[in-house]
């Protein structure tokens, strides 16, 4: 796990979110939390605690089923500008 992944996971978990996954694929970052009703504004603010807003491009918050289960989670995704 990269330093960025660790920082994001720790920040989200310290604020009460159950993080299922933090992944990085090239410049695309994806954070999956198990709370399907998580506030998009709160998740965006937490992301910006770790990364400057100038480093995040196209930040998007959506809900989706997690790993084909009946559990709906919230996904934060964005491209990282370095």
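All of the numbers you see were taken from the coordinates with simple rules; none came from a lab. Being a predicted model, the structure only gives us computed values, none of them experimental. So basically every Cβ, Gly included, is an ideal-geometry build from the backbone, and we count neighbours across all protein chains shown.
Things worth noting here:
- Calculated [θ] (222 nm, deg cm²/dmol) that DSSP helices of n ≥ 4 give over the chain, each run adding -39,500 (n - 2.57): -8500 deg cm²/dmol
- Between residue 4 and residue 48, full extension at 0.36 nm per residue minus the direct alpha carbon distance yields a gain of 14.6 nm.
- The value of relative contact order for region 3-80, using C-alpha pairs under 8 Å at least six residues apart, is 32 percent.
- Structure-derived P(r) over Cα pairs in 5 Å bins from 0, in percent: which label, when the choices are (1) 3, 16, 30, 27, 17, 6, 1, 0; (2) 3, 14, 27, 25, 17, 9, 3, 1, 0, 0; (3) 3, 13, 22, 18, 13, 12, 8, 4, 3, 2, 1: (1)
- Residue order, fewest to most surrounding Cβ atoms within 10 angstrom, among 56, 2: 2, 56
- Residues 78, 12, arranged from fewest to most other Cβ atoms within 10 angstrom of their Cβ, appear as 78, 12.
- Structure remark: mean-square fluctuation, Gaussian network model of the chain, C-alpha springs under 10 Å; the largest value among 70, 41, 18 belongs to 70.
- Two-site label geometry, residue 79 and residue 34: point separation in nm, points 7 Å out along Cα→Cβ: 3.3
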